[in-house]
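Trainee: Okay, handing you the structure first.
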Amino acid sequence: MIHTELKAVRQFQKRKIQVERELDDLKENLRNTERIHQETLRRLESRFFEEKHRLEQEAEKKIIMLAERAHHEAIVQLNDAGRNVFKENVYLQKALAYHLKETDALQKNSQKLQESHTLLLHQK
């Protein structure tokens, strides 16, 4: 009976040692898995921030490019508007010169008619 109990205790101790080894192996595997997970997480975070930085730079370049394009188009439109104003100014100067000439001619004609009218009144 003691022999059987002693045998059972030895088997229990062997099983205990085996279970403790398995537990130690599981703990080691868990530590390794956690370490690998942390490394993977750091790499992913690093990639994320690199990609975020790249996208921010790309967006900034696009904003600058669009601002430059808008500025250029505004200058072109301003130049077009300036040219149109200049052309209209030239046209208005010509029209003014024509109307001044017509006014002068009409005033001279009016003066001649006035003189003729006065002359005719004196002849009566």
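The values are calculated or read from the model by the stated rules, or taken from the named source; none is laboratory data. Note that the structure is predicted; figures quoted are calculated from it, not measured. Quick reminder, even Gly has a Cβ in these numbers, built from the backbone with ideal geometry, and neighbours come from all protein chains shown.
Trainee: Evaluate segment 101-115: report whether one residue or more is at pLDDT below 95, aliphatic (A, V, I, L, M), part of a helix (DSSP H, G or I) and exposed (fewer than 10 other Cβ atoms within 10 Å of the Cβ).
Mentor: no
Trainee: I would also like to ask the following. Considering every residue within segment 1-18, establish whether at least one is modelled with pLDDT under 95 and not in a helix (DSSP H, G or I).
Mentor: yes
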